[in-house]
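The values are calculated or read from the model by the stated rules, or taken from the named source; none is laboratory data. Not measured: the values here are computed from a predicted model. Cβ placement follows ideal geometry from the backbone for every residue including glycine, while neighbour counts extend to all protein chains displayed. SASA here: full protein model, heavy atoms, side chains in, ligands and nucleic acids out. Shrake-Rupley method; radii C 1.70, N 1.55, O 1.52, S 1.80 Å.
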Amino acid sequence: MAHFNIHFFKEKSRKIDLDLLIAFFEEVEGITIEMDEKSVRFNYLHPRLQYEARFLITPKSQVPDIYRLSPKFLDLNFHMEMGILTPDYAAKHLFDIVKKVCEKFDFHIYNEMFEDVLPFKIDVVSKVFNMLKEAYIEKNPIILADYHLLPKDKLNSILRYLDDQVELQNYYKELETYVPRYHFLTTEKKELVIGIEWKEHTLTVFPPYLDYLFYRVNNEIKIVAFDEAFPLIEKLLLDVPGFIKETKVLPKKTASKVFKIMKKTKFSLIDHTFSKENVKRLLD
């Protein structure tokens, strides 16, 4: 797979304080450090979403067409690389690390799409990244056979929920409210659908963009289309405070009414055959 690269430069200096740089990356969640005579590698693995990237110091410059760049900026043989298909949500985490590196060490950045070396600007970096991602997909449409394409806002919300799920679980622990994980599934037609398990008589959070509820009553699971159930119970749910729009929670005071509705309603029969899908096959 192609990579998106950000190269680091410094004005009128090639000096990197390696000890300080190592100390910086030791404080970054998800980073492990490797080094040998060939390179220093700060390997990034998102601790909850498992997206990968690398920050590398190499013996030789990795910058293409370096001689056309302003001579006042010197290449540090230090760059970040990540997969071009990295979702925006994960990419922004990486760009935040790049921003902090630049601020702490007074670095500038360069990408092959820039006209010259620039100070870090998140809007410029994000725009270029998305342009290159879209161009790569357009040039290699066959890769879409391996992914499910989603709108950016939708995938951002899904990934944020997954990223913040542990915090939500801690928040709702004392309220005895279940914070479910997503089930990513494909139908027999290879269409992506998203569901959660919901146990009868259990206070539950409903994350955004659900297609199905796997409603457990004793040892039986009923598959319920979310767009059938939601209009019946919507007014009895609350917004999760300060969280993703459309994330709802079933509070204790209206729970009995909701469970009565779920019990008496005859929902449409769902006859899909589902297969498990990996979140890393979701593409924006």
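List of remarks:
- Condition met for Asp96 (farther than 30 Å from Thr202 by Cα and open to solvent by less than 80 Å² (accessible area, probe 1.4 Å)): yes
Table: residues versus (1) of a type in the set (A, V, I, L, M); (2) open to solvent by 60 Å² or more (accessible area, probe 1.4 Å).
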{"residue": "His108", "(1), (2)": "no, no"}
{"residue": "Leu149", "(1), (2)": "yes, yes"}
{"residue": "Leu168", "(1), (2)": "yes, no"}
{"residue": "Glu176", "(1), (2)": "no, yes"}
{"residue": "His183", "(1), (2)": "no, no"}
{"residue": "Glu191", "(1), (2)": "no, yes"}
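- Residue match in the range 217-239 (condition: out of contact with any helix residue (DSSP H, G or I) (no Cβ under 8 Å at 6 or more places or on another chain) and on the phi > 0 side of the Ramachandran plot): yes
- Apart from one condition, Tyr89 fits all of (1) surrounded by fewer than 14 Cβ atoms within 10 Å (Cβ to Cβ); (2) under 29 Å from Leu149 (Cα atoms); the exception is (1).
- A residue that is assigned to a strand (DSSP E or B) and either closer than 30 Å to Tyr215 by Cα or in contact (Cβ under 8 Å) with a residue 24 or more places away in the chain (or both) can be found somewhere in the range 136-148.
- Those residues of the range 14-42 which are of a type outside the set (Phe, Trp, Tyr), under 25 Å from Met113 (Cβ atoms) and either open to solvent by 30 Å² or more (accessible area, probe 1.4 Å) or at pLDDT 95 or above (or both), in sequence order: Arg14, Ile16, Arg41
- None of Leu192, Leu185, Leu203, Leu175 is within 21 Å of Ser256 (Cβ to Cβ) and in contact (Cβ under 8 Å) with a residue 60 or more places away in the chain except Leu175.
- Members of the range 216-226 found to be in contact with a Leu (Cβ under 9 Å, 6 or more places away or on another chain) and either within 12 Å of Trp198 (Cβ to Cβ) or free of Cβ contacts under 8 Å to residues at least 24 places away in the same chain (or both), listed by number: Lys222, Ile223, Val224, Phe226
- Residue satisfying all of: in the range 60-79; more than 33 Å from the chain's Cα centre (by Cα) and in a helix (DSSP H, G or I); nearest to Lys38 (Cα to Cα) among these: Tyr67
- Listed conditions (1) modelled with pLDDT under 95; (2) out of contact with any Asp or Glu (no Cβ under 9 Å at 6 or more places or on another chain) are all met by Lys100, apart from (1).
- Per the conditions (1) open to solvent by less than 60 Å² (accessible area, probe 1.4 Å); (2) among the basic types (Lys, Arg); (3) at pLDDT below 95, the sole criterion not satisfied by Lys248 is (3).
- Residue check for Ser157: of a type in the set (S, T, N, Q), touching a residue at least 24 places away in the same chain (Cβ under 8 Å), farther than 30 Å from Lys252 by Cβ and assigned to a helix (DSSP H, G or I): no
- Residue ranges of strands (runs of 3 or more DSSP E) in the range 195-280 with at least 2 members of a type in the set (A, V, I, L, M) and under 23 Å from Lys154 (Cα atoms): 220-225
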